[in-house]
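Please read through the structure below; I'll follow up with questions.
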């Protein structure tokens, strides 16, 4: 029984790794070097804070994954030798506008209620925050803190997953796009851009934005769109930031990563000066000493967004054996995708209940 | 804030191509802005040309002083010259963002002419990151700008510049301790098949022969057909070792000057997403341009070595041709005028470029430098080795950008300038895919690092404009 | 080792600056990199992660191996001109404290 996984980003590789651990044969089909790749452009958070306001199942799914992350990272390191630099010592969200801080607190309180009280967070004013992080600037009114938040080197994750999948006997085809997929008597056939054809009994579509074209071929609506995010990173600096935030984190090599903008621009992934200038100003508002730090790189990447922003996990009703997986939090959810999702893909008894993430929710 | 006057033409780079282009355009009355990172015009080839002493002139020779009229001419024209200006983003919309004296600025041009020249080909060999190891061009820049010359240095590599610098060091009274040359006798005979084509450039050929005679007369030790070059030392260069005809040599020195020719500086053209082509002879990418220097984007032209290595004289002709074409596109001159005033220039350019196939064949870089192996550092900034790059191919990397994601090569402050070509070559070797298909790093802003404070100042300006 | 073709002996034509506290005199319009090389300095910075030493390599603003710190900002010594009283230092080492993350 071979499962063909279309898309070799973090989502596809996490699922591939999980299926391999369950004894499945897996072939991963990855695209070209220049394709849109959220796996190379993301911020690298393993994040819980504020997620799932209005959909507690998403909050619980994210938290479940965050809880699995430490053992997942250790397992990958033991297998591949790559240390993913996972740090889960809690994260901050900084606020310079009172109304935004109030909104955030209201959101977190609502999440606490929806979680029957099992949702830990703290609110800190500037003085309390300054005790934790002396570099904090006077414009920061306060911050919220959630102990379950963390961050990881997402590129090390990508590399480790590539290695892990191969070490577990998986095959990864890189450098050529899947241009077609069809049902056959025995399962599915995919056609690659270079003319090659591959067959397998099952297929998982985890192609990010590539699912827009390929989804309908397998009976999925795939109602997703690109949302641009711009990020930047500074030169390497001596360590001063021991907790990530949604917009600022010090990566393991020392650079301060700053993100991220949101823009609806279609398939446009070019960074622009005004947007990154805005990110720089935010960084200086929070940590004034960063005004003298040099920005070394900036980039734009495309999030894969569903209409409600939540993941889609869907078995095909028209093409049995085909599964569609998409989300814009592939890093946070990587542990759940590797550890829990394979049972759901294979319809095992231990499968998590993901019905709320059904594609049918977008039917009108 | 007064809205800046929109230039017709923004020229980036004040080397021979940029100077000629700015002068040509200004001569037709176009509004020209000339941006350059250095404090004075000249580029690297004519660096410090307006301030060099008589003694420097004598040492550096006539190919250097030939640039003085060109640089001096700029002052006589109405050109908005911006020295000390570091361009860190160029947009296809004509927006050029740069820093000058610690202030970030943005200006729009109707047409952009890129004249960013060349940089030395990466020379990844063991020990090339040790202090005391420099490019030969770097040593020449020290001579041009500060009258500094290396003592007991060893020159290693190949290319016409290696002989020119050796001759200049001799003239300065500090002959190199030795020259270690990588070109083989096979290359010499191979190049001879191009000698007929190079005949129009007999003056250049003769100049080269004179340089070599001068080096011989000075008694500089020359080792030809050298391979396995390695710079030895713990904290800095202490010696250089190499093999000639199976015999290993070692020369003690604290200064090693490397050179393997130059390659186009494609940072801006890549960041703009312009079309590039792999040049099999020069083993590098260059942007695709038409006979007038126009790129694959209609409002962007490229002139000089940045469009392909052809040297300073050709750069000057190309600069004038590209500027003339840009003005025709902007309807400042007619296409008839353009054709008329560029006809002789195009002829001169063809003649001047005739020597290139001969030089490219004679001084082709050796495989051990193009495709290094083992623990040799490929990416200087992030200290990524050749073995590292090869191991990422084993994990499935078939392109430079996935390789960059896996191992940080090209993520440092130099933005891949000194590892990009090598990573492409290694991936091509490991995968059997042609370099053209392998491609190169995607280049993004900033082209040079910029402080967050400078960057943020641009957000403040735009917000004021929006609210007012 | 680099030294001038003509030593600059005219005290009226000299600019003074410091490098990690050391007094250095140089000719006007000299880049920080050229002045430091002439003063006998071979390494300018340490690699942030490995700590290995680096000195100027390209002298034309492209390699970033001559980074030094001036007024709290890392700059390329080869494209920075020495001015009277300039205070140049080596960029502080990283001291990455990963242990404290745990």
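If we only count strands (runs of 3 or more DSSP E) wholly inside the range B:221-321, which ones have 1 or more residues that are buried (at least 24 other Cβ atoms within 10 Å of the Cβ) and at pLDDT 95 or above?
Per the criteria, B:227-232, B:239-244, B:256-260, B:262-264, B:284-287, B:300-302.
Only one of these is touching a residue at least 12 places away in the same chain (Cβ under 8 Å), assigned to a helix (DSSP H, G or I), surrounded by 22 or more Cβ atoms within 10 Å (Cβ to Cβ) and touching a helix residue (DSSP H, G or I) at 6+ places or on another chain (Cβ under 7 Å): A:143, A:164. Name it.
On inspection, the qualifying residue turns out to be A:164.
Working only within the range B:389-420, note down all residues that are surrounded by 23 or more Cβ atoms within 10 Å (Cβ to Cβ), assigned to a helix (DSSP H, G or I) and more than 10 Å from chain A (Cβ to nearest Cβ).
Hits for the range B:389-420 are B:389, B:420.
Then there's this: Checking residue C:93 against (1) buried (at least 22 other Cβ atoms within 10 Å of the Cβ); (2) more than 10 Å from chain B (Cβ to nearest Cβ); (3) assigned to a loop (DSSP other than H, G, I, E, B), which test does it fail?
(1)
So which of A:285, A:269 is surrounded by fewer than 22 Cβ atoms within 10 Å (Cβ to Cβ) and within 25 Å of the chain's Cα centre (by Cα)?
A:269
Every residue, every condition in (1) away from chain B (no Cβ under 12 Å); (2) within 20 Å of residue A:317 (Cβ to Cβ), yes or no:
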| residue | (1), (2) |
| --- | --- |
| A:157 | no, no |
| A:169 | yes, no |
| A:187 | yes, yes |
| A:195 | yes, no |
| A:199 | yes, no |
| A:207 | yes, yes |
| A:215 | yes, yes |
| A:222 | yes, yes |
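If you don't mind, another one. Working only within the range A:226-240, note down all residues that are facing another protein chain (nearest Cβ under 8 Å), touching a helix residue (DSSP H, G or I) at 6+ places or on another chain (Cβ under 8 Å) and surrounded by 23 or more Cβ atoms within 10 Å (Cβ to Cβ).
Correct list: A:234 only.
Count, please, the residues in the range A:146-159 that happen to be assigned to a loop (DSSP other than H, G, I, E, B) and within 15 Å of residue A:333 (Cα to Cα).
Total satisfying the criteria: 4.
Still on this model: Criterion first (at pLDDT 95 or above and in a strand (DSSP E or B)) does residue B:378 satisfy it?
yes
Which of the residues that make up the range B:103-114 are more than 14 Å from chain C (Cβ to nearest Cβ) and either assigned to a strand (DSSP E or B) or without any contact (Cβ under 8 Å) to a residue 24 or more places away in the chain (or both)?
B:105, B:106, B:107, B:108, B:111, B:112, B:113, B:114
Here is a follow-up. Among the strands (runs of 3 or more DSSP E) lying completely within the range B:115-175, list those that include at least 3 residues that are more than 7 Å from chain C (Cβ to nearest Cβ) and in contact (Cβ under 8 Å) with a residue 40 or more places away in the chain.
B:154-158
Any idea which of A:224, A:179, A:172 is in contact (Cβ under 8 Å) with a residue 12 or more places away in the chain, in contact with a strand residue (DSSP E or B) (Cβ under 8 Å, 6 or more places away or on another chain) and closer than 23 Å to residue A:363 by Cβ?
Criteria check complete, one pass: A:224.
Then there is this: Among the listed residues B:195, B:180, B:215, which satisfies the condition of being in the same structural domain as residue B:252 (by TED's automatic domain parsing), assigned to a loop (DSSP other than H, G, I, E, B) and modelled with pLDDT of 85 or more?
B:195
Report yes if residue A:332 is more than 18 Å from the chain's Cα centre (by Cα), touching a residue at least 60 places away in the same chain (Cβ under 8 Å) and in a loop (DSSP other than H, G, I, E, B), otherwise no.
Against the criterion (more than 18 Å from the chain's Cα centre (by Cα), touching a residue at least 60 places away in the same chain (Cβ under 8 Å) and in a loop (DSSP other than H, G, I, E, B)), residue A:332 does not qualify.
How many residues are touching a residue at least 12 places away in the same chain (Cβ under 8 Å) and touching a strand residue (DSSP E or B) at 6+ places or on another chain (Cβ under 8 Å) if we restrict to the range B:392-415?
Residues that pass the stated criteria total 8.
Please indicate, with yes or no, whether at least one residue in the range A:191-207 is in contact (Cβ under 8 Å) with a residue 24 or more places away in the chain, under 30 Å from residue B:444 (Cα atoms) and buried (at least 22 other Cβ atoms within 10 Å of the Cβ).
Within the range A:191-207, one or more residues are in contact (Cβ under 8 Å) with a residue 24 or more places away in the chain, under 30 Å from residue B:444 (Cα atoms) and buried (at least 22 other Cβ atoms within 10 Å of the Cβ).
What about residue A:48, is it touching a strand residue (DSSP E or B) at 6+ places or on another chain (Cβ under 8 Å) and crowded, with 24+ Cβ neighbours inside 10 Å?
yes
Out of the range A:241-293, which residues are in a helix (DSSP H, G or I) and either touching a residue at least 24 places away in the same chain (Cβ under 8 Å) or not assigned by TED's automatic domain parsing to the domain that holds residue A:138 (or both)?
Across the range A:241-293, the qualifying residues are A:275, A:276, A:279, A:280, A:282, A:283, A:284, A:285, A:286, A:288, A:289, A:290.
The values are calculated or read from the model by the stated rules, or taken from the named source; none is laboratory data. The structure displayed is predicted, hence computed values, not measured ones. Using ideal geometry, Cβ is built from the backbone for each residue, glycine included, and neighbour counts are taken over all protein chains shown.
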